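Data block below; observations after.
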Amino acid sequence: MASKTAYSGLQIGLHWATALLIAANYFISDGMGEALDAHIAGDPVLGLTPVWHVWAGTLLLALVIVRLAVRFLTGAPQIPGQKTLAERAADAGHWVLYGLMLAAPALGALTWFGKLDSTGDLHVLVMNALMLVILGHAAMAIFHHYVLKDGLLKKMVPLR
Ligand code: HEM
Ligand code: HEM
């Protein structure tokens, strides 16, 4: 694969669309435990939160799969020369993010569509791990851009 120097518009769009959906689903999740109990018991599931959480989450899962396919097919911008330890750690961190952002909605979908009470706790556990890694990721991005002043954010924010 030829090495590229920037993320494509599609990659940038998918980065922010998935980030937005993850944040929205985190905040629009209250009462999902009760909604799941009703769904499993065959009782009516009340309120808009479960409708949003399940369908926005399912859209997110589809977008993460597309995002990973685009990543595998088109790669990421390459830094010329030998990678430093910090750069290799950042790469590893990105793969942890991809793994968690795939696993969290996949476990949610398995729980809901499979009517499985047992995987609900795992969904919430993986989601919490995802949130922690996201906080670290965003903090590192801001640190690079504003403290190290290396312009890192420009890689994901197309404004010049
Ligand atoms: C739900 C929130 C987020 C998720 C899941 C996420 C995920 C990711 C992933 C997986 C990558 C690696 C892309 C690749 O190389 O294929 C990435 C890159 C990047 N993200 Fe995020 N991100 C999130 C939020 C943010 C935020 C809030 C910022 C800015 C404050 C940000 C800034 C960046 C930057 C600058 C890069 C490029 C890093 C580089 O290539 O060296 N991200 N993000
Ligand atoms: C990354 C995306 C997602 C995030 C951030 C997220 C976040 C959350 C949070 C914070 C809870 C706890 C709510 C509470 O107990 O008050 C929860 C529970 C739940 N979510 Fe998600 N969710 C995501 C994706 C999904 C998807 C795609 C589905 C289904 C298609 C789903 C189904 C559920 C279910 C069934 C529960 C209840 C689990 C239980 O209590 O046993 N979630 N989610």
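Please treat every number below as a calculation from the coordinates, not as lab data. A quick note: this is a predicted structure, and the numbers were derived from the prediction, not measured. As a convention, Cβ positions derive from the backbone with ideal geometry for all residues, glycine included, and neighbour counts pool all protein chains shown.
In table form, for the structure just shown:
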| item | result |
| --- | --- |
| Ala106 vs. criteria in a helix (DSSP H, G or I), crowded, with 16+ Cβ neighbours inside 10 Å and near ligand 2 (Cβ under 8 Å from one of its atoms) | yes |
| Residue list for region 132-142, restricted to those being surrounded by 13 or more Cβ atoms within 10 Å (Cβ to Cβ) and within 18 Å of Ala17 (Cβ to Cβ) | Ile134, His137, Ala141 |
| Selection count, region 35-91, where residues are within 16 Å of ligand 2 (Cβ to nearest atom) and either touching a strand residue (DSSP E or B) at 6+ places or on another chain (Cβ under 9 Å) or at positive phi (or both) | 2 |
| For Ser118: the one exception among (1) outside any helix (DSSP H, G or I); (2) under 18 Å from Val133 (Cβ atoms); (3) of a type in the set (Gly, Ala, Ser) | (2) |
| Qualifying residue in region 143-156 (condition: in contact (Cβ under 8 Å) with a residue 12 or more places away in the chain, more than 16 Å from ligand 2 (Cβ to nearest atom), assigned to a loop (DSSP other than H, G, I, E, B) and surrounded by 11 or more Cβ atoms within 10 Å (Cβ to Cβ)) | yes |
| Residue in region 122-129 that is within 12 Å of ligand 1 (Cβ to nearest atom), over 17 Å from Ser29 (Cα atoms) and assigned to a helix (DSSP H, G or I) present | no |
